[in-house]
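Data block below; observations after.
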Amino acid sequence: MTRDLHLVRHGEATKDETRLTARGRRQSELVAERLRGTGFAAVHHGPLPRAAETAAIIAEVLNVPCRAEAAADDFVPHFVPDHDEFFGQFPESERTRGPALAHEAETRFARPGDGPVLVVTHAFLISWLVRDALDAAPEQWLTLNHDNAALTVIRYTTGRSPRLVRFNDSGHLAGDDLSRLEESAG
């Protein structure tokens, strides 16, 4: 069995993160067009508004349902000792919640299965799943970043190690005049 896990970071959000910007909505439309015909049964997404709105736009284009998933939320998947300047901004409750959700995401999405899966999520989870697929040390998730509406694909095949097929690919955004949307919104 083989499963391609498609991970999309949400589109560009407003400063208060309550919705997508015009640019973020356009980014979501463009990634949806790129994914058209892939054969997803649903769009799984994190519960925060920026991920939910991105997923709704993609789901409409692909004509599939949306499914909110706690395991696709925005959380710290692994805390690294001696990095208090970064991790100190997160509440103590996140030290349990984040790793538990990361484990749930691995169990739920990062395994062989039938058909492709699409998850609209956040940079931290994408970095964690890429790190896991590459069998890198847990702290290496901190060294990865992911652009808004970029696509990462990890292939899981029974009896084989995961394979990173695509990472932070934003080719679908090239050539579209997204800067025009920034100017008109500003």
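The values are calculated or read from the model by the stated rules, or taken from the named source; none is laboratory data. Because the structure is predicted, anything quoted here is derived from the model rather than measured. Glycine also receives a Cβ, built like all others from the backbone with ideal geometry; neighbour counts cover every protein chain displayed. What goes into the accessible areas is simple: the full protein's heavy atoms, side chains included, and nothing from ligands, DNA or RNA. Shrake-Rupley method; radii C 1.70, N 1.55, O 1.52, S 1.80 Å.
Within the stretch 32-41, is even one residue of a type in the set (F, W, Y), free of Cβ contacts under 8 Å to residues at least 24 places away in the same chain and surrounded by 14 or more Cβ atoms within 10 Å (Cβ to Cβ)?
Scanning the stretch 32-41, I find no residue that is of a type in the set (F, W, Y), free of Cβ contacts under 8 Å to residues at least 24 places away in the same chain and surrounded by 14 or more Cβ atoms within 10 Å (Cβ to Cβ), so the answer is no.
Within the stretch 13-57, how many residues turn out to be of a type in the set (G, A, S) and within 11 Å of the chain's Cα centre (by Cα)?
Number of matching residues: 3.
Need pairs with beta-carbon distance below 6 Å; first residue in contact (Cβ under 8 Å) with a residue 60 or more places away in the chain and within 17 Å of C66 (Cβ to Cβ) and within the stretch 1-26, second open to solvent by less than 50 Å² (accessible area, probe 1.4 Å) and among the polar types (S, T, N, Q); sequence gap 6+ or separate chains.
L7/T152; R9/N148; H10/T54; G11/Q27; G11/S28; G11/T54; G11/N148
Restricting to the stretch 65-77, give me the number of residues that are open to solvent by 40 Å² or more (accessible area, probe 1.4 Å) and either outside any loop (DSSP other than H, G, I, E, B) or free of Cβ contacts under 8 Å to residues at least 40 places away in the same chain (or both).
5
So which of H10, H83 ends up being modelled with pLDDT of 95 or more and either within 14 Å of the chain's Cα centre (by Cα) or of a type outside the set (V, I, T) (or both)?
On inspection, the qualifying residue turns out to be H10.
Considering only the stretch 1-42, how many residues are hydrophobic (A, V, I, L, M, F, W, C) and outside any strand (DSSP E or B)?
Residues in the stretch 1-42 being hydrophobic (A, V, I, L, M, F, W, C) and outside any strand (DSSP E or B): 9 in total.
At least 3 residues that are closer than 26 Å to E33 by Cα, in contact with an Asp or Glu (Cβ under 7 Å, 6 or more places away or on another chain) and touching a residue at least 40 places away in the same chain (Cβ under 8 Å) in each: list the strands (runs of 3 or more DSSP E) lying fully within the stretch 83-171 that qualify.
It comes to 151-157.
What's the total number of residues in the stretch 112-132 that are touching a strand residue (DSSP E or B) at 6+ places or on another chain (Cβ under 7 Å) and modelled with pLDDT of 95 or more?
So the count comes out to 12.
Inspect all residues belonging to the stretch 49-64 and state whether any of them is open to solvent by 30 Å² or more (accessible area, probe 1.4 Å), closer than 20 Å to P138 by Cα and not basic (K, R).
No, every residue in the stretch 49-64 fails to be open to solvent by 30 Å² or more (accessible area, probe 1.4 Å), closer than 20 Å to P138 by Cα and not basic (K, R).
Can you tell me which condition V80 does not meet? The list is (1) in contact with a Leu (Cβ under 7 Å, 6 or more places away or on another chain); (2) in contact (Cβ under 8 Å) with a residue 60 or more places away in the chain; (3) assigned to a helix (DSSP H, G or I), and all the others hold.
The one condition V80 does not meet is (3).
Given the options E104, E92, E139, name the one that is over 19 Å from the mean Cα position of the chain (by Cα) and open to solvent by 60 Å² or more (accessible area, probe 1.4 Å).
From the options E104, E92, E139, the qualifying one is E92.
Do the conditions hold for A133, that is, is it among the hydrophobic types (A, V, I, L, M, F, W, C), surrounded by fewer than 19 Cβ atoms within 10 Å (Cβ to Cβ) and under 21 Å from D73 (Cβ atoms)?
no
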